Amino acid sequence: KVGKLISRDTLKRILVAEDYGWKRVRQSLRSLRDEAEFRAEHAELAALRAEARKPDRQFDLWYFDEAGFPLTPCVPYAWQKVGQPLELASAHSPRQHILGFLNLHHEFHSLAFKGSIDTQTVLHCFNLFRQQLARPAVVVVDNAPIHTSDDFAEELLLWQAQDLTVKFLPPYCPELNLIEILWRKIKVEWLPLTAYQSFKTMTRALFTVLRGIGPKYRITFA
């Protein structure tokens, strides 16, 4: 626009001065969702969180989701000496699936599975989880097909009669499920690079992290 040439360093200084940062571009489904529906759900969950944080709360608010952990790691940032880059071997491997329930008081329940996860697997996890509840629960889940199947729907009224209510998120709103923060922390920050030497060392390190959620590993709920 101005017809002038500037150096790359000058361009970087201008961008930094305008509050730009060099970061990876994230994939997002935000453009596909109904923004009004998202805002309404965001407000409703905020009200539920406020109630669930009270010492005399009548229910606990839980977040449920599945996550897969393969031997191929998330590419992390790390301090690396010039000329001596750190390298991670890329390898195909099985996936260690974790199905987890997390509440606002850093209580965490999880089950581990290998192989594919289907509705029956999720139903089994919910029924085990229900038996451990100390008070009524509202469980936030996304709209994955294994959560919206006929078999899953058949259990909803039974669970509700047993003080477990399932709350479905609107489509394309993964950031409303706060357990997503937990999965990201595990993959990017809490699993050390040395964990990826083999599938066995990765799963061992993963289970160590999972056992430490609450007393050692915590996330901040905004």
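The values are calculated or read from the model by the stated rules, or taken from the named source; none is laboratory data. Treat the numbers as computed from the prediction; the structure is a model and nothing was measured. Cβ coordinates were reconstructed from backbone atoms using ideal geometry, including for glycine residues, and neighbour counts include every protein chain displayed. To get the accessible areas, we keep the full protein, side chains included, count just its heavy atoms, and leave off ligands, DNA and RNA. Shrake-Rupley method; radii C 1.70, N 1.55, O 1.52, S 1.80 Å.
When you go through E154, E189 one by one, which is the residue that is open to solvent by 60 Å² or more (accessible area, probe 1.4 Å) and modelled with pLDDT under 95?
Result of the check over E154, E189: E189.
List every residue pair whose Cβ atoms lie under 7 Å apart, where the two residues are 6 or more positions apart in sequence or sit on different chains, the first residue falls within the stretch 193-222 and is touching a residue at least 60 places away in the same chain (Cβ under 8 Å), and the second residue, located anywhere, is of a type in the set (G, A, S) and not in a helix (DSSP H, G or I).
F199/S93; L210/S110
Search the stretch 50-75 for residues being in contact with a strand residue (DSSP E or B) (Cβ under 9 Å, 6 or more places away or on another chain) and in a helix (DSSP H, G or I), and hand back the single one that is most open to solvent (accessible area, probe 1.4 Å).
Residue satisfying both the conditions and the ranking: E51.
For the stretch 127-135, does any single residue satisfy the condition of being under 22 Å from E51 (Cβ atoms), under 15 Å from the mean Cα position of the chain (by Cα), in contact (Cβ under 8 Å) with a residue 40 or more places away in the chain and outside any helix (DSSP H, G or I)?
No, there is no match, as no residue in the stretch 127-135 is under 22 Å from E51 (Cβ atoms), under 15 Å from the mean Cα position of the chain (by Cα), in contact (Cβ under 8 Å) with a residue 40 or more places away in the chain and outside any helix (DSSP H, G or I).
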